[in-house]
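**Student:** Could you have a look at this structure, given as structure tokens, before my questions?
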Amino acid sequence: MITDERTSTFIDSVSNPNTPYLEELEKKAHDGGIPVIRRATQSILKFILADLKPENILELGTATAFSAIFMATYGGNVHIDTIENYKKRIVEARQNIAQSGFEKAIRLIEGDAQSVIEELAAGAKSYDMIFIDAAKGQYISYLPVCKKLLRDGGILISDNVLFDGDIVLSRFAVRRRDRTIHARMREFLRAVSEDEELVTTILPVADGMTLSVKCR
């Protein structure tokens, strides 16, 4: 967590609760040790959905479908394509989507995220908003294809980019097993910040987010 715990707890305490179904789904995920988007991330997503009113959203990383159902709940008239490759999560995600009543709004696509987005791009798909919450080490690989899929004026949101604060450390201060992911995430942050087609800000909330608008 990037923001100190006391501040985060206070902000959460003054935030409006989610729908009962989302609250139940979040608790179930936490009880099972499955990460879902954090409350600060949820607040930012709510704001973006209310302000930009995207009609077509692509999500990389479904997990239990909490975030897809969250975006369908607060996105109004929205269609969401969400990609997941882990079979166990796919079964649970489909059940949750069915129970949520958003089967028509959410399409769960099974497969490797890189392969799926390349197929979508080849089919000239276009999205108003793309939310990346998948394997951190692959963000840099996803970026070029996501740019193709994002319409002009659309927004690319990437979650968990600050690596629990370790992104600021030297690679030698990071656990050996995490060094490749650490290096690739740093590469992603430089690429998304320096890209002339994007206007990007990095937000030090939850575990860090980037918001990037495609300007051309």
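The values are calculated or read from the model by the stated rules, or taken from the named source; none is laboratory data. Since we're looking at a predicted model, the values are computed, not measured. When we count neighbours, we look across all protein chains shown, and the Cβ atoms used for this are built from the backbone with ideal geometry, even at glycine.
**Student:** State the number of residues belonging to segment 114-134 that are crowded, with 19+ Cβ neighbours inside 10 Å and either farther than 15 Å from L150 by Cβ or modelled with pLDDT under 95 (or both).
**Tutor:** So the count comes out to 3.
**Student:** How about segment 185-216: which of its residues are buried (at least 17 other Cβ atoms within 10 Å of the Cβ) and assigned to a helix (DSSP H, G or I)?
**Tutor:** M185, F188, L189, V192
**Student:** Which of the residues belonging to segment 89-127 are under 17 Å from Y21 (Cβ atoms) and outside any helix (DSSP H, G or I)?
**Tutor:** Listed by number, the residues that qualify are G101, F102, E103, K104, A105, I106.
**Student:** Further question: Let me spell it out: the conditions are (1) modelled with pLDDT of 95 or more; (2) farther than 20 Å from Q99 by Cβ; (3) of a type in the set (A, V, I, L, M, F, W, C), and A40 meets all of them except one. Which number is the exception?
**Tutor:** (1)
**Student:** Of everything in segment 103-113 that's more than 20 Å from P35 (Cα to Cα) and out of contact with any strand residue (DSSP E or B) (no Cβ under 8 Å at 6 or more places or on another chain), which residue is surrounded by the fewest Cβ atoms within 10 Å (Cβ to Cβ)?
**Tutor:** Step by step, filter segment 103-113, then rank; the result is K104.
**Student:** Could you give me the residue pairs with C-beta distances under 8 Å whose first residue belongs to segment 84-109 and is more than 18 Å from F131 (Cβ to Cβ), whose second residue is of a type in the set (A, V, I, L, M) and part of a helix (DSSP H, G or I) wherever it lies, and which are 6+ apart or on separate chains?
**Tutor:** E103/I97
**Student:** Separate question: Show the residue pairs meeting these rules: Cβ distance below 9 Å; 6+ apart or different chains; first residue within segment 198-216 and modelled with pLDDT under 95 and among the charged types (D, E, K, R); second residue part of a strand (DSSP E or B) and surrounded by fewer than 21 Cβ atoms within 10 Å (Cβ to Cβ).
**Tutor:** Pairs found: R216/D152.
**Student:** In addition: Scan I157, I140 and give me the residue that is closer than 25 Å to R186 by Cβ, under 17 Å from the mean Cα position of the chain (by Cα) and assigned to a strand (DSSP E or B).
**Tutor:** Going through I157, I140 in turn, just one is closer than 25 Å to R186 by Cβ, under 17 Å from the mean Cα position of the chain (by Cα) and assigned to a strand (DSSP E or B): I157.
**Student:** While we're looking at this one, here's another question. Filter segment 86-106 down to the residues that are farther than 14 Å from T62 by Cα and polar (S, T, N, Q), then identify the one that is nearest to the chain's Cα centre (by Cα).
**Tutor:** Selected residue: S100.
**Student:** Let me ask something additional. Quick one: in segment 65-88, of everything that is part of a loop (DSSP other than H, G, I, E, B) and at pLDDT 95 or above, which residue is nearest to K125 (Cα to Cα)?
**Tutor:** V78
**Student:** Let me ask you something else. If we keep just the residues of segment 50-87 that are of a type in the set (F, W, Y) and in contact with a helix residue (DSSP H, G or I) (Cβ under 9 Å, 6 or more places away or on another chain), which is farthest from N16 (Cα to Cα)?
**Tutor:** F66
**Student:** Follow-up. Only one residue in I48, I11, I34 is out of contact with any His (no Cβ under 6 Å at 6 or more places or on another chain), surrounded by 13 or more Cβ atoms within 10 Å (Cβ to Cβ), under 20 Å from N77 (Cα atoms) and not aromatic (F, W, Y), so which one is that?
**Tutor:** I48
**Student:** Ok, one more. Just for segment 137-173: of the residues that are crowded, with 21+ Cβ neighbours inside 10 Å and not hydrophobic (A, V, I, L, M, F, W, C), which one is modelled with the lowest pLDDT?
**Tutor:** This residue is N160.
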